[in-house]
Amino acid sequence: MIRAEGLSFRVGEISLVESAHMGVTKGEVVALLGPNGAGKSTLLKLLCGQLSPNEGQVFFENKPLAEWEPRELARRRAVLPQSSTVPFDFTALEIVLLGRSPHGDASRCEDMAREAMAQTECAHLAERIVTSLSGGEMQRVQLARVLVQIDWAVERSPRCLMLDEPISNLDPGHQHGALRVAAKLAEKGVGVLVVLHDLNLAAQYADRLLLMKQGRIVVEGTPAEVITEEQIGAVFDIRVKVIRNPTCDAPAVFVESSV
């Protein structure tokens, strides 16, 4: 669905992403992990077209990203950035309905928007002015917006959702809630790419993990293949203990100390 071939991105002499080869297929959740400055958000921006690579190419449904008409692409692929600032006195419901802009049918989609807000646990905020919302509340409203953008409630293809640290402002309960939404979307055939810092949540909800360090994808595979004491220790420069999560079939990471 989304495929990158040899992506590199530099700012001056500094390489932020180097020779990245990766992809996201229909119906899977892929988590992008790595320490601060590893290049995760830069890679996501390259994959969604916000940045242009110095080398390499991005494909969506086997078609170069640059050849897609922007509105048509926006109907199939939505991006949730790390943070979103809305300086106007819109209500939360109005923000969610902005997700229908590529479709041109916002006036007919209030029921869809309210249902998306229920899925992201922010339905009670529908009439609130967004400038009065907390960071976590705003994050859930913006997640509802990208859901309606890609017609989250129906099964059709191709669709892709790209989430850059969507749980950074959320409490533990809402973190799990947001990632459950991502997993449900994958069950409907949506390809989901999510940038995360929490290794345990990534192991619990993602089908596949990509581990980055210094701009390169250094490990790729299932959570069990990627989350090992040796690999996590080497990438994050910490000493960890990895055990089986007692609540699910996934590895769990406990930090012992820095190396």
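Where a number appears in this text, it was derived from the coordinates with a stated rule and is not lab data. If you're wondering where the values come from, they're calculated on a predicted model, not measured in any experiment. Reconstructed Cβ throughout: ideal geometry from the backbone, glycine too, with neighbour counts over all protein chains shown.
A few points about this structure:
- Among the GluC sites (Glu not before Pro) within the stretch 119-203, those in coil by DSSP and having at most 13 neighbouring Cβ atoms inside 10 Å are E127, E155.
- Tail fraction, Cα-Cα pairs, the stretch 120-221, threshold 22 Å, whole percent: 34
- Count of Lys pairs (Cα-Cα under 25 Å; at least 8 positions apart or interchain) in the chain: 15
- In terms of overall dimensions, the C-alpha atoms belonging to the stretch 63-198 reach 41, 37, 25 Å along their principal axes, ordered largest to smallest.
- Helical contribution to [θ] at 222 nm, DSSP H n ≥ 4, -39,500 (n - 2.57), averaged over the chain, rounded to 500: -8500 deg cm²/dmol
- Neighbours of G104 by Cβ distance under 13 Å: Lys/Arg scored +1, Asp/Glu scored -1, total +2.
- Measuring nothing but how far apart in sequence close Cα pairs (under 8 Å, 6+ apart) lie, relative to its length, the stretch 39-166 scores a relative contact order of 35 percent.
- Sorted peptide list for 240-253, 214-227, criterion being average Cβ within 10 angstrom, highest first: 214-227, 240-253
- Relative contact order (%) - the chain, alpha-carbon pairs under 8 angstrom, separation at least six: 25
- Modelled spin labels at D237 and H197, positioned 7 Å past Cα toward Cβ, are 1.6 nm from each other.
- The stretch 67-81 and the stretch 101-171: distance between their alpha carbon centers, rounded to Å: 16
- Positive contributions from Lys and Arg (+1) and negative ones from Asp and Glu (-1), summed over other residues with Cβ under 11 Å from the Cβ of P35, come out at +1.
- Around I227: net Lys/Arg minus Asp/Glu count, Cβ-Cβ under 14 Å: -4
- A viscosity of 0.692 mPa s and a temperature of 37 °C, combined with the Kirkwood radius over Cα pairs in Stokes-Einstein, give a translational diffusion coefficient for the stretch 85-149 of 293 µm²/s.
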